[in-house]
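The values are calculated or read from the model by the stated rules, or taken from the named source; none is laboratory data. Computed from a predicted model, the values in this text were never measured in an experiment. For neighbour counting, all protein chains shown are included, and Cβ atoms are generated from backbone atoms with ideal geometry for every residue, glycine included. What goes into the accessible areas is simple: the full protein's heavy atoms, side chains included, and nothing from ligands, DNA or RNA. Shrake-Rupley method; radii C 1.70, N 1.55, O 1.52, S 1.80 Å.
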Number of protein chains: 2
Amino acid sequence: MLDQHIREELRGVVGEAYYKDDPESLVTHSYDGTPMLQHLPDGVIYPASTAEVSAIMQILSKHRIPLISRGSGSNLCGGTVPVQGGVVMVMHRMNAILEVDMQNLTATVQPGLITKQFIEHIEGLGLFYPPDPSSMAISTIGGNIAECSGGLRGLKYGTTKDYVIGLECVLASGEVLRTGGKLMKDVAGYDLTKLLVGSEGTLAVITEATLKLIPPPKHKKTMLAMYKDLYGAARTVSKIIESRIIPATLEFMDNPTIRVVDDFAKLGLPRDMAAILLIEQDGEPEPVERDMARIADICREEQADQIQVACNQEEALKLLTARRSAFTALARLRPTTILEDATVPRSKIADMVLEINRIAEKHNVQICTFGHAGDGNLHPTATTDARDRDEVHRVEEAFEEIFEAAIRLGGTITGEHGVGLVKAPFLEWKVGKAGIEVMKGIKAAFDPYGILNPGKMFAKQARRRVVIGRG
Amino acid sequence: MLDQHIREELRGVVGEAYYKDDPESLVTHSYDGTPMLQHLPDGVIYPASTAEVSAIMQILSKHRIPLISRGSGSNLCGGTVPVQGGVVMVMHRMNAILEVDMQNLTATVQPGLITKQFIEHIEGLGLFYPPDPSSMAISTIGGNIAECSGGLRGLKYGTTKDYVIGLECVLASGEVLRTGGKLMKDVAGYDLTKLLVGSEGTLAVITEATLKLIPPPKHKKTMLAMYKDLYGAARTVSKIIESRIIPATLEFMDNPTIRVVDDFAKLGLPRDMAAILLIEQDGEPEPVERDMARIADICREEQADQIQVACNQEEALKLLTARRSAFTALARLRPTTILEDATVPRSKIADMVLEINRIAEKHNVQICTFGHAGDGNLHPTATTDARDRDEVHRVEEAFEEIFEAAIRLGGTITGEHGVGLVKAPFLEWKVGKAGIEVMKGIKAAFDPYGILNPGKMFAKQARRRVVIGRG
């Protein structure tokens, strides 16, 4: 618990009701969406304005107290666990849509806004905000910005980064910084906007964002293609892109995921398939139909066993549900679900899936794989039990080898979930010693005392990389 | 001139022929595309590989000698003028297309490659690299990355930043840093790739870039719309975007520019128009035709005096030439041409053009305005004579007021040309004191001794912002 006078200072800013340090509040904010990570904060604060955030940061900065800003905590990298204690700042009270500018096609919002509410509001105005992380029903725009969230539409439309064009944030010192604006182009100095997106709350507290909106596609078509041969599915992914078609969605589920999803959602999926691709194209009706016909041809060329095309929106939703429910379905299997995020060049999808399967077998753990095949972004997901220390250790060893394989295939340790606590020991594998040093320098430029989300992104010690021979 | 032993060290790396400090070489590299700025370097070096760049940086770092990396020097912000002496590093020998990966739709290139050569090579393979700065016939990909160059296709397709997905660069220390990769998604640590794009050679020397390619549009249509009323043209811009149409190109020329361009290119443009819009849409044939029909309707609603639609590619090229030749045409008028880069939210285009005209009149200088109206990115261009000190002073005062007006309208001091020397005194107007401090910290993280392109981006003293009353 913080000193009495600091608690009084903080309560003086937000009011009695909005600084809490009762045991329930502390426990509730000691973890996030990531399994097996927990640490109690010293307090929880709920600011209502940028001015309050600034005043809070001045107090915490003076006393060198850690600050962990968070939305709904749906991240999967331990990004909002207060591992060094301090104050958790919950942004939910700052959840307004401040403006939708129909002339400039921008929206200005507060960080605590729920992503899905925002998307629905925007769609109601006849516009489109593409980033659609699987967590969007509960995640916040601020959290999406902190983690640079992706989603099912990332292949064609890009991720959160591609839609954030301006930010207001509060630095560790309490100073307010504004970047970008309602501007399609701005090269006045270093691109702080894009730097802050994906900075995981370690550089500043985001208090307002200006987002780019685009015209919505007029038409959409959805299909499932099912394969007895994993490589056939993977070759389909490459061949679609090689054919100069960028689908809106190009998702993959392996056999174990198919079985689990079907048990959960009762969709009547064929349980003997090695892989299913979920493919969507959107845009103008005529080219969508042509693209989908060509994609179906490619699926057949690659020996797809069945192709199922949605005839209407309900059917499309049912097919999408199969993919969207993967995490939920897997989470029902066993007490602990660890969802990972290895990403490779999309031409390496098949190699990566085979590597994952080989590694899982080697360590005798259950790993199901699904993900954004078109992006090369896979989610190998281990189902385990946190109480079984030995099994959890084997899972950790397996994931370490999976990250190593991703790097070896020209990939990265995380495509859309972030580094947080979980990947911090592996960051150096991707960015090298020089990259770590530069990143630590950037961190120090924003946050000289290291009070913003400490313990994240940079590990005390990098994991030694053991290059493992194949087979 | 550098000490004999340092010159020998440098010649030892690149060979006798590739380090020069004869007067011709020094004078040739003492300036760039920006008027009225010149400073002699101490030497000029031409590396052939990343290893050579690294060895050079180790030598220069040891002796704390400035290094200014450059391509063709076509920038307009004084970005490559060696104002503090040192060594100019010309990247032209490193100009290879290392790989075009047809499965992942990426190209990996060296920085000295000429943009237009790259675009033509890619188009020959049936792919598309959209960034098309006006300088593309001479500019290099490395220079485009350093400045985050835009172009005529920026509105729909984005700028250089949106296509750089991986970089290899050499830090001031000589260490080699690799960022990103052939990856559509990568959130492993801070986004150094996007940070390096637009960093103007102040953070690292870029030695290799991995670029995203996209499928080319199948069809394109081009039109000119001519207005007797400036506001009609500006309202057309807003109304097109509001109608959920994002054209590939949406360019603007004011009356003085129209006259000058017509004198130069003999296109038979009507000389009594207040403004011309050049509008292109591309994509699938049917939606392109529909968009262009709707755009023509909007032009008519906004009292366009004439609409001219290109019937074929030659005619389209002729219309495009009108816009592309604006800078060249203006440069013929008087000895010195100062092309600026103020950018506003696109809904403020008309206000900004009126402000520019008012300010030009107030200071009795000639400023023609053209630019990327769809992006809100205007190029007010002063034609003057560097020998007329008094007039140049008035031009400078006018531009200062123009930057101030852009900021006041929610805009920025530069949309695509960069800060360099020219805008350094004004950077604080856009990013604030806190922004400057953070940016200086980032600079120090990459380049602790300040030897990379010193004197750029950060002014010794920020210009005091005089908020000028209107009218």
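Brief remarks follow.
- Rg over Rh, two decimals, the range A:95-249 (C-alpha only, Kirkwood Rh): 1.03
- Charge dipole (Cα centre; +1 on Lys/Arg Cβ, -1 on Asp/Glu Cβ; no other charges) of the range A:1-215 amounts to roughly 500 debye.
- The range B:209-265-the range A:114-186 distance, computed between alpha-carbon centres (Å): 28 Å
- Computed per residue of chain B from DSSP H runs no shorter than four, each worth -39500 (n - 2.57), the mean residue ellipticity at 222 nm is -11000 deg cm²/dmol.
- Global size of the range B:217-417 as Cα Rg and Dmax, reported in angstrom: 16.6, 56
- In a simple Cβ point-charge model (Lys, Arg +1; Asp, Glu -1; nothing else charged), chain B has a dipole of about 760 debye relative to its Cα centre.
- Listed residues A:Gln306, A:Leu250, A:Ala275: farthest to the positive end of the dipole of the range A:219-326 (Cβ charges): A:Ala275
- Ratio of Rg to Rh for the range B:1-83: 0.96 [Cα atoms; Kirkwood radius as inverse mean 1/r over pairs].
- Stokes-Einstein diffusion of the range A:291-375 at 20 °C, 1.002 mPa s viscosity, Kirkwood radius from Cα pairs, rounded to a whole number: 138 µm²/s.
- Pairwise centroid distance, computed over Cα atoms, of the range B:1-41 with the range A:2-78, Å: 56 Å
- Rounded to the nearest Hz, the phi-derived 3J(HN,Hα) couplings of the range B:9-22 under the Karplus curve 6.51 cos²θ - 1.76 cosθ + 1.60 (θ = phi - 60°) are 4, 5, 5, x, 7, 9, x, 3, 6, 10, 10, 10, 9, 5, where x marks glycine and proline.
- Cα-Cα P(r), the range A:1-215, percent of pairs per 10 Å interval: 9, 36, 35, 17, 4, 0
- Projected over every direction and averaged, the convex hull enclosing the alpha-carbon atoms of the range A:219-326 yields 5.9 nm².
- Our compactness index for the protein assembly as shown, the C-alpha radius of gyration over the empirical 2.2 N^0.38 Å, is 0.94.
- Across peptide A:236-245, the mean count of Cβ atoms from other chains lying within 10 Å of each residue's own Cβ comes to 3.
- Exposure rank, largest accessible area first [B:Ser72, A:Ser325; 1.4 Å]: B:Ser72, A:Ser325
- Local electrostatic count, B:Ile68, Cβ distance below 13 Å [Lys/Arg +1, Asp/Glu -1]: -2
- Value of relative contact order over chain A, rounded to a whole percent, pairs C-alpha under 8 Å and six or more apart: 15 percent
- Degrees separating the helix B:285-301 axis from the principal Cα axis of chain B, which is the longest one: 60 degrees
- Residues in the range B:25-62 reached by a label modelled at B:Asp385 [backbone nitrogen below 20 Å; 7 Å Cα→Cβ]: B:35-37
- Proportion of all alpha-carbon pairs of chain A beyond 33 Å (%): 38 percent
- Distance from the C-alpha centroid of the range A:361-394 to that of the range B:308-380: 57 Å, rounded to the whole angstrom.
- Residue pairs exceeding 25 angstrom between C-alpha atoms, taken from A:Lys116/A:Lys456; B:Lys182/B:Lys456; B:Lys218/B:Lys348; A:Lys185/B:Lys239; A:Lys228/B:Lys185: A:Lys116/A:Lys456; B:Lys182/B:Lys456; B:Lys218/B:Lys348; A:Lys228/B:Lys185.
- Ranked by the mean number of other Cβ atoms within 10 Å of their residues, highest first, the peptides A:96-102, B:416-422, A:371-377, B:326-332 come out as A:371-377, B:416-422, B:326-332, A:96-102.
- Rg over Rh [alpha-carbon atoms, Kirkwood Rh] for the range B:395-453: 1.03
- Compared with the dominant principal axis of the Cα atoms in chain A, helix A:230-242 is inclined by about 80°.
- Computed log₁₀ I(q)/I(0) - Debye formula, equal Cα scatterers, no solvent, the range A:330-446, q 0.13, 0.19 Å⁻¹: -0.51, -0.99
- Shielding of A:99-107 by partner chains, average beta-carbon count, 10 Å: 4
- Rounded tilt (10° steps) of B:255-265 against the dominant C-alpha axis of chain B: 70 degrees
- Distance-filtered residues of the range B:265-281 - backbone nitrogen under 11 Å, label point 7 angstrom along B:Arg332 Cα→Cβ: B:265-267
- Ellipsoid semi-axes in whole angstrom, largest first, where each is sqrt(5λ) of the Cα gyration tensor of the range A:161-284: 41, 19, 14
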